[in-house]
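These notes concern the structure reproduced below.
The values are calculated or read from the model by the stated rules, or taken from the named source; none is laboratory data. In this text, all values refer to a predicted model and were calculated from it rather than measured experimentally. When we count neighbours, we look across all protein chains shown, and the Cβ atoms used for this are built from the backbone with ideal geometry, even at glycine.
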Amino acid sequence: MHRLAQLDHRYLWHPFTQMRDWLKREPITIVRGQGAVLQDVHGRSYLDANSSIWTNLHGHNHPKINAAIQRQLKKIAHSSALGLANEPAALLAEKLVDAANNPAVTNRPRAIADGKLAKVFFSDDGSTAMEVALKLAYEYARRTGRSKHPRFLSLQGAYHGDTVGAVSLGHVDLFRNAYAGLLFKTDKVISPYCYRCPFNRAKPQRADAREYRKCNNECLGKVEESFARQKRKGNPYAAMIVEPLIQGAAGMIPQPEGWLRRVAEIVRGSRAQLIGDEVLTGFGRATVAADVRRRTALRKVIENTGVPPHVGGYGNALFACHQEAVQPDFLALAKGMTGGYLPMAATLTTQAVFDAFLGDYSEFKTFFHGHSYTANQLGSAASLASLELLQSRASIDARQKLQLAMREALPDLWALRQVGDIRQVGLIAGIELVTDWRTREPFDLRQRAGIRVCEAMARRGVLTRPIGNVIVLMPPYCTTPSQAQQIVETLSTSIKETL
C-alpha cells in the first residue's frame, strides 16, 4: 500500500463513507489531473465521470483559471468581508447578478418573477448557501407580517445540504433520521418521480419514464393541496424550496417539462417565495442546449407524424430555472461556481428582501450571519475566470457537443435487463439499476449494487459515485464525445460483470 494511502487510513475520516469498508482496501489516491483525466499515485489514469462530485466544469488544471488564481495570489489571498470590501468579490457579484437577470431564453412566456435578483451574499458551500436562503426567507416572512412562525415546503427525497437548517429542509431518511432531535419541522410534497410515481399508470418501457408516463399531473395537484391546506391553518408557507429541473441526491430525479413553471405559478399565487437550489444545476450543468432540444424534438415529431416541427430557441442560460422562464426569489449557487477549484458559494436575492434588513443600528435589523472566508479573493478570481469561460462560444459549443454525445451513447444501455430508467437533463445522467426492468424491482441497498458497479468501473479507468441504485454520469464540459462513449461503454461492461 502506498504511503499516502496508509496515512489516509491512519488519520482521515471520509464523508458519506462507511469507514470499516474503506479500511479494507487501498484507496485510489489522486495526485494530479488534466482535463477530464485524473491520475493516482501509481500512475494509473481515470476519466472523471462525475466531475469530482459535481464540481468541476471546465476540466482539471485549466490554464485560464490557473492564471486567474496566480494573478490574484500576487495581490492578496484573503481579507475579511466583515467591514471591508475587495476587488474580485465586487466584480463577481456584478457578473452573477447580470447572469441571473439575463436568462438568454427566447420565444418563451414572460418570466414568473416578482422582481429581479439584486443582491449577493457569499458563503462557502452549497449547505451554507441554502442556510443563508433559509434564514433570510424565515426572517423576511416574519418582518413583512406573513407569518409569526414561518414554515417551509420541499420535495420528497429532497437534499439541500448538511447544516442543521439545510438538513431540516431535506427529506432523505438516511441523512435526516440520525439528527431528528436537532431539526425543525418542515413539510414535504410528492416529487415528480415519473419512473416510480404511484399515479403513473404506464407499464415499463425502454425509454425515459417522462416520455411514456400516463397520469393527470397529480404531483402538481398535491403541491396545490399543500399550499391550500397550510393557508386554511392560518399560517401560509413562507417559501417552497426546489432544485430546478432535476433533484440530485434524491437519485437524479428529473422533472417533466412544464412542472417547474406550474409550481412557480402556485407559489406566486400563494404569495410565498421560491428558493431555487441550483448548487448542482447551476452554471450550465442542467440547461438543455438549444441544438440538443431542437434535434430531440425534431426526431420525436418526425417519428410520430412525419412532419418537422417548429422549435423555438432556448439560448444557453446558465441557470436551470431559466429553462422554464422561472425566476426565484432566492438563487443558491455553489459546487461549480469556481470551476471546481475552491470552496465558494453565493445566495442571490431581491431588493425587497435586502430592504427588510435595513434600519438604524439600534434597531438590530442586521442579518446576523457570516463566514470567515466570505467573499474570498482567490475564490472570486477563479469564479470570474470560470464565468468568462462559460459564456465563451467555445464552451457553449463544447457543452452542446457533449450533451449530444451523451444522448446518443446512453440508449445502448437499454439492452441491459438491470437498467430500469435512463434520465438525462443537460449534462447530468442518472441510470437506475433494478433486478429486472419489467418489474421495476429495486435492489436492496444492502446489496450495494450501485457501489459494486462503480468499483468495477474504477478498475476499468472510469470514476463516478452512485446514489443508492442510481449510477451518476456527470463529466466535465471538456470531455470529448469519444471519452463520453468510453464512459458509457465502461458502465455497460461493469453492469454485465457485476449484476
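Figures for the structure shown
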read-out: Residue pairs meeting the criteria (Cβ under 8 Å; at least 6 apart or on separate chains; first in the same structural domain as residue 219 (by TED's automatic domain parsing), in the stretch 256-270; second assigned to a helix (DSSP H, G or I) and surrounded by fewer than 18 Cβ atoms within 10 Å (Cβ to Cβ)); value: 266/224; 270/231
read-out: Failed criterion for residue 471 (all others in (1) farther than 20 Å from residue 206 by Cβ; (2) modelled with pLDDT of 95 or more hold); value: (1)
read-out: Residue among 72, 39 that alone is polar (S, T, N, Q) and either closer than 27 Å to residue 479 by Cα or without any contact (Cβ under 8 Å) to a residue 40 or more places away in the chain (or both); value: 39
read-out: Leading residue by the ranking (nearest to residue 473 (Cα to Cα)) among those in the stretch 1-30 that are of a type in the set (A, V, I, L, M) and touching a residue at least 24 places away in the same chain (Cβ under 8 Å); value: 28
read-out: Filter result for residue 342 (in a loop (DSSP other than H, G, I, E, B) and surrounded by fewer than 17 Cβ atoms within 10 Å (Cβ to Cβ)); value: no
read-out: Helices (runs of 4 or more DSSP H) within the stretch 1-71 that include 2 or more residues closer than 25 Å to residue 470 by Cα and over 26 Å from the mean Cα position of the chain (by Cα); value: 19-22
read-out: Boolean, residue 387 is in the same structural domain as residue 340 (by TED's automatic domain parsing) and either within 19 Å of the chain's Cα centre (by Cα) or surrounded by 21 or more Cβ atoms within 10 Å (Cβ to Cβ) (or both); value: yes
read-out: Tally of residues being farther than 19 Å from residue 230 by Cβ and in contact with a Leu (Cβ under 8 Å, 6 or more places away or on another chain) across the stretch 127-160; value: 3
read-out: Residue 318 being within 18 Å of the chain's Cα centre (by Cα) and surrounded by fewer than 20 Cβ atoms within 10 Å (Cβ to Cβ); value: no
read-out: Members of the stretch 446-479 found to be in contact (Cβ under 8 Å) with a residue 60 or more places away in the chain and touching a Lys or Arg at 6+ places or on another chain (Cβ under 8 Å), listed by number; value: 461, 472, 474, 477
read-out: Whichever residue in the stretch 38-89 is assigned by TED's automatic domain parsing to the domain that holds residue 481 and among the hydroxyl-bearing types (Ser, Thr, Tyr) and, among such residues, is surrounded by the most Cβ atoms within 10 Å (Cβ to Cβ); value: 51
read-out: Pair list, Cβ under 6 Å, 6 or more apart: the stretch 224-250 residue closer than 30 Å to residue 474 by Cα, other residue of a type in the set (A, V, I, L, M, F, W, C) and assigned to a loop (DSSP other than H, G, I, E, B); value: 239/272; 245/286; 246/286; 248/280
read-out: Set 456, 415: member being buried (at least 18 other Cβ atoms within 10 Å of the Cβ), more than 22 Å from residue 192 (Cβ to Cβ), in the same structural domain as residue 53 (by TED's automatic domain parsing) and of a type in the set (A, V, I, L, M, F, W, C); value: 456
read-out: Filter result (polar (S, T, N, Q) and in contact with an Asp or Glu (Cβ under 9 Å, 6 or more places away or on another chain)) within the stretch 452-489; value: 464, 469, 479, 485
read-out: Residues satisfying the stated conditions in the stretch 191-242, i.e. closer than 29 Å to residue 129 by Cβ, more than 25 Å from the chain's Cα centre (by Cα) and outside any helix (DSSP H, G or I); value: 235, 236
read-out: Odd one out for residue 394, checked against (1) surrounded by fewer than 20 Cβ atoms within 10 Å (Cβ to Cβ); (2) part of a loop (DSSP other than H, G, I, E, B); value: (2)
read-out: Single match in 439, 366 (criterion: on the phi < 0 side of the Ramachandran plot, in the same structural domain as residue 49 (by TED's automatic domain parsing) and in a loop (DSSP other than H, G, I, E, B)); value: 439
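Matching residues to (1) under 30 Å from residue 407 (Cβ atoms); (2) touching a helix residue (DSSP H, G or I) at 6+ places or on another chain (Cβ under 7 Å):
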position	(1), (2)
141	no, no
184	no, yes
190	yes, yes
224	no, yes
232	no, no
